[in-house]
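Each reported figure results from applying straightforward, stated rules to the coordinates on display, with no laboratory input. These numbers come from a predicted model, not from an experiment. Positions of Cβ are backbone-derived with ideal geometry, glycine not excepted, and every protein chain shown enters the neighbour counts.
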Amino acid sequence: MQFKLILYLLFITFSYTQINAKDVGSNTGLKVPRFVTLKSDDVNLRVGSSTNYPLILKYTTKNLPLQVTEEYQYWRKIIDINGNVGWIHKNLLKGERHAIIKESEFLIKIYSKPNGKLIGEIGQFNIVKINICLPYWCKINYKNINGWIVKKKLWGVFENEKINIPFYQPVINQIWRLNLSNFLIFLK
């Protein structure tokens, strides 16, 4: 009886590991797919996972977000906002989160809080730093503007992804709902 129980538990553990293994990178153990950004403004995208493979294109924009879809030793297979797919050495990527304004509207609005006061606007294809992402909004930094933008207007964050949400966020949400802006200044 004990042998059957141990065998059953081993089977369940092995099955669970196999099911969840496809969601993590084989080299890093990090979630795949995931978003990363370029460390520099001179990065080559290659056909394969070695410097012996030909170049597909050269990226010239630091902090450009890319989606990692696969890992092989020191190389990461990525896809960019334009659908280009190829391999980049891991040393040219960083985990810091940035996103691109993907909407084709003329200007996207930046708010003081979700559904708050308009504090700025930003155009398509600008790169922003992501500070926090709630279910439908992300707090971003662009030049000297810190504000909130609708998440679905960004490429570089998953639809259901939450990023850096502080443990006291429910309190902030209540303050926003009650429109106690002066109290929020006190918390900063």
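Summary of values
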quantity: Length released on extending from residue 58 to residue 42, taking residue separation times 0.36 nm less the Cα-Cα span; calculated: 5.1 nm
quantity: Links that overshoot a 26 Å alpha carbon limit, given the list 58/151; 58/109; 58/113; 39/102; 62/113; calculated: 58/151; 58/109; 58/113; 62/113
quantity: Sites matching GluC sites (Glu not before Pro) across the range 47-123 that sit in DSSP coil, with at most 11 neighbouring C-beta atoms within 10 Å; calculated: 105
quantity: Dimensions (Å) - the range 101-187, Cα atoms, principal axes, largest first; calculated: 35, 25, 19
quantity: Overall Cα dimensions of the range 31-118, principal axis frame, Å, largest first; calculated: 52, 26, 20
quantity: Cα lying deepest toward the dipole's positive end in the range 46-188, options 141, 82, 52, charges on Cβ; calculated: 141
quantity: Exposure proxy order (Cβ contacts within 10 Å, fewest to most) of 157, 24; calculated: 24, 157
